[in-house]
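What follows is a single structure, written as structure tokens, with notes after it.
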Amino acid sequence: MKKILVAVITIAFLASCSTPKNAINDLAVSNPIETELDLTNVVDDKVPVLINPGRFTQETVIYRLPKVVQGTYAVSDFGSFIDDIKAIDYNGNELTITKVDTNTWSISNAIQLDKITYWVNDTFDIENSGDKPTPFSPSGTNIHPENYVLNLHGFIGYFDSLKNNQYKLEVAAPASFVRTSALQNVGNKTSEDGNNITSSYFAPRYFDITDNPMMYGNLDVEEFEVGGIKIILSVYSPNKKHTASKIKETMFKSMQAQKMYLGDVDSTPRYDIYLYLAEQGEDSPKGFGALEHHTSTVVVFPEDAPAEALAQNMIDIVSHEFFHILTPLSVHSEDVHYFDYNKPTFSKHLWMYEGVTEYFASLFQIDQGLVYEDEFYSKMMGKIQAAAGLDDTMSFTLMSENVLEEPYASNYFNVYQKGALIGMCIDIMLREESNGNKGILSLMKELSNKYGKDKPFEDDKILEEIASMTYPSIQSFLDTHVVGTTPIDYNIFFEKVGLEVSESKVETNYIQNAGALIVGANPEQGTIFFNNLVENNSFWNEQGVKSGDIIKTIDGTEINLQNANQIFQEVFMWQPGKEVKVVLNRNGEEVTIGTTLIQSYTNGKKLQQSETATEAQNNLRNAWLKG
């Protein structure tokens, strides 16, 4: 999973009956659980779902929807989006069904259970409403006449005893819809009037239901091939501001470079990218970023993002998700492999799953010539500065293992900052110890070859194993800075590769100064204001903005605590040349700024080559950056 930016302000067929099925016991895996989603019968923004599990031999069964889904590290409570759930027997009568908790139902007299029916609300249009938990948007669901984002864990649940059963899924939808699915399609059937098509899909077990999203509706779809992998790019842009064909150009170049960088890593014959571009409405999704799956990723970005900003963010985000084929998809612990959607336990190694993945997403770009060295250095410095605003003395393994709880949950963002920097330090150390021949990619490939997607490692033993595969210095680093609480002195590692940090004028964006936010919030008054750091942001300083100025509107949209995160994520992606209009309140007087963006600068720390770097340091740096 990858979220962009840190949160800115913390502040009818249902009554039908069917023929009895062959009996199955509670451990059977031969009879598929039959499931149906009917997108042609949506009522009040809800999709009807039918679950036909086969005949049970026990009196009571438990049915659940996920509390947590893999890759999100947060509670989603998808059971809270279920309405009017019913258990029906073979005579069409209702059985007793008891709600145990938000995501769990107990069904009595289950020997007579024919099917379960219910209606599903989507998550996109209730985000941050306060009524329910807010699933991270790329893990969520959308129900709209023009678009359906079908993260299937939001629609289909599981029986405790049948998680390893096969699933057969039928999705009925208007014939005019474009449909793309990462799940195996096994057939399509057109209705007699030709208006609807029912597509059938097969999943080997419940995990595959959760791991293979779909998108239906008025989609813009492009296909291309990279290194033997068929890439399917599905784009929903409600106002047609962006096209799949244009985004395809960016994705082809980036993913081709990724495949070259990865080399002979075992991959997949097909990879799906689902891109949902959100409007600014109150019922639009606001959690921008992506969620990885084994052979696909779901991405949510603002539709108003400039083309250049969208292209760069697609490179950064999708490359991050694609690199997850290494970890945790190929290299993972038992907590990941045997994931419990209701009572999850978490691995200690988010530094690897998210941090090393994030590092790869930056390193491959310099390795493959997509960016210049200064851009890569700037990104690493940005991570150092962002990490400085979080708890730098918190044990990374302790944080990972307890990521749903405080104070660890509020430091989760550090997996993309310090986690990536941990990867960088290990990479430099491995290059130094091996005379430039091996880096962290070599290590991850070795682990992938040893384990792979079907063999988990033991969570408590993997660090010892990494140490035995590498060098004593690596074990010392892991013990001190990953398990331990000692902050990393990055200058030690930069010196190894002939780099140094200096004070300089550096480029920044329109919401931060070198990683530090230039806005704050007043929860009592419900306002957002520029803080004193705005004085060191050249663009706003030149526009006459003062510390304490309250931001009333940006490009016509009123700013409040509810929409600030969404709006400022869009500001984060502003590019020079864009026309903007910002209205401020300065001590009761309205101040309007209407102008064209120019590059903004601030005083900050810059990473650059040392004038006294030795030949050995330069050689090590070249091995680090170019393999």
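Quick notes on this one:
- Were the residues from Thr72 through Glu503 laid out at 0.36 nm apart, the gain over their Cα-Cα distance would be 151.5 nm.
- Computed label-point distance, nm, for sites Val178 and Thr486 using a 7 Å Cα→Cβ extension: 5.5 nm
- Within the chain, helix-based [θ] at 222 nm, where runs of 4 or more DSSP H residues each add -39,500 (n - 2.57), nearest 500: -7000 deg cm²/dmol
- You can think of it this way: the chain between Glu308 and Lys626 has 111.9 nm of extra reach, that is 0.36 nm per residue less the Cα-Cα gap.
- Burial ranking of peptide ranges 538-551, 580-593 (average Cβ count within 10 Å, highest at the top): 538-551, 580-593
- Placing a pseudo-label 7 Å from each Cα along the Cα-to-Cβ vector at Glu146 and Asp89 gives an inter-label distance of 4.8 nm.
- Once both labels are positioned 7 Å from their Cα atoms along Cα-to-Cβ, the gap between Thr592 and Asn41 label points is 5.4 nm.
- Alpha carbon Rg of the stretch 443-557, scaled by the compact-globule rule 2.2 N^0.38 Å: 1.73
- Only Lys, Arg (+1) and Asp, Glu (-1) charged, at Cβ; the chain dipole about Cα centre in debye: 840 debye
- Sites matching trypsin sites (Lys or Arg not before Pro) across the stretch 417-504 that sit in DSSP coil, with at most 15 neighbouring C-beta atoms within 10 Å: Lys453, Lys461
- Measuring spread by the Cα atoms of the chain yields a radius of gyration and Dmax of 25.5, 85 Å.
- With R₀ set to 41 Å, the beta-carbon distance separating Glu579 from Glu373 gives a calculated FRET efficiency near 0.80.
- The stretch 86-148: relative contact order as a whole-number percent, Cα under 8 Å and 6+ apart: 25 percent
- Distance from the C-alpha centroid of the stretch 319-381 to that of the stretch 159-208: 31 Å, rounded to the whole angstrom.
- Sorted largest first, the principal axis extents computed over the alpha-carbon atoms of the stretch 205-335 equal 40, 32, 22 Å.
- Of the residues Val371, Val336, Gly389, the one whose Cα sits farthest towards the positive end of the charge dipole of the stretch 286-443 is Val336 (charges of +1 on Lys and Arg Cβ, -1 on Asp and Glu Cβ, taken about the Cα centre).
- The stretch 247-331 - share of DSSP beta bridges that are antiparallel (%, nearest 5): 35 percent
A short reminder: the numbers here are calculations on the coordinates, not readings from a lab. Everything numeric in this text was worked out from a predicted model, so none of it was measured. Here Cβ is always computed from backbone atoms with ideal geometry, including for glycine, and neighbour counts include all displayed protein chains.
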